[in-house]
1. Among ALA16, ILE54, LEU36, which residue has its Cα positioned farthest towards the positive end of the charge dipole of the range 14-78, with +1 placed on the Cβ of Lys and Arg, -1 on the Cβ of Asp and Glu, and the dipole taken about the Cα centre?
2. Using the C-alpha gyration tensor of the range 85-130, what are the square roots of 5 times its eigenvalues, in whole angstrom, with the largest one first?
3. Could you check the spin-label model distance between LYS15 and GLU107? Points 7 Å from the Cα along Cα→Cβ, value in nm.
4. Say R0 is 45 Å: what FRET efficiency, to the nearest 0.05, do SER82 and THR193 get from their beta-carbon distance?
5. For the range 15-55, what is the Kirkwood hydrodynamic radius in Å, using each pair of distinct C-alpha atoms?
6. How much net charge surrounds ALA176 when only other residues with a Cβ under 11 Å from its Cβ are counted (Lys, Arg +1; Asp, Glu -1)?
7. Gain in length, ASP124 to ARG45, computed as 0.36 nm per residue apart minus the alpha-carbon separation, to one decimal in nm?
8. Roughly speaking, what is the stretch gain from LEU8 to GLN37, that is 0.36 nm per residue apart minus the C-alpha to C-alpha distance, in nm to one decimal?
Amino acid sequence: GGMGVVHLALDPAGKAVAIKVLRPHVAADPASRTRLQREVETLSRIRHPNVAPIVDHDVTGDLPYVVTKYIAGPGLDEVVDSDGPLRGEALVRVGKGLAAALHAIHEAGVIHRDVKPGNILLLDGEPILIDFGIAHVADDVRLTRTGLVMGTPGYLSPEIVEGAEVTESTDWWGWAATLGFAAQGRPPFGRGTMESILSRVVRGEADLAGVDPALVPLLDAALSPEADDRPTDTEVLRALERYAHGGDVTDVLRVVPARAVPPPGRGAGALGRVPAPWASSPSVST
């Protein structure tokens, strides 16, 4: 990546680990060291089976590095590109595992900011969330004010693109974009120039034509350009359960896509949205 190199190594006990070392020109930049320190602090706060844990670090030496558990599995992007879209139980497993990971980091007061297929490794079909390089602690207002825009076009939420406030719903947007890719084998906001992709992101024009129609309302709701219209973690987890058991995901969403046929050339994300009958009520609790 642009910030550093990741090495596969063995610890003194012979266990495989991943060592992320900052590139020399980046290590000389105090801001980059700050980002690495933030990554260390973030990972140190989280213990979850779907999140790669940190095991060691040194961010003050001449060659700053962070060591995490080595995940011996390919990236979600690699799997989908080589084997095609995920279906059935495989897709549900990725959706649930990633949702559980995000729920855990949000409980710790952390927002990942960069949820995308390349940051999901699959270990025997189970998703592991990695790379907190641009994550930040939710209550760190200084970082919120910077308007930092980094990441992969098509997986940057509208608020990151526009420099608006980043919240937990930012990660649920990334979750939906990632699951949309996994379900249909192509990015929900297409390919092309950065400008064209980001324009579709901001307008909420997601192409979900290749996704199981029963799952589309959940992903479409989470990909709303309006952060307040996106489902909460509780809604996402409950909707996934409904989907896995053949139920209607809209039963547990506060805001659902309008039931209409999208105009030619536009995906489900282009539809308008209507509040569920209970939209003014508090979020559904478990």
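1. ILE54
2. That gives 20, 11, 8 Å for the three semi-axes.
3. It is 2.2 nm.
4. Approximately 0.95, to the nearest 0.05.
5. Numbers: mean 1/r = 0.0862 Å⁻¹.
So the Kirkwood estimate lands at 11.6 Å.
6. So the environment of ALA176 carries a net charge of -1.
7. 25.9 nm
8. Stretched fully, the LEU8-GLN37 segment lengthens by 8.4 nm.
Throughout, read-outs are computed from the coordinates displayed, never taken from laboratory work. Predicted model only: the values in this text are computed from it and were never measured. Heads up, the Cβs are rebuilt from the backbone with ideal geometry, glycines too, and the neighbour counts pull from every protein chain shown.
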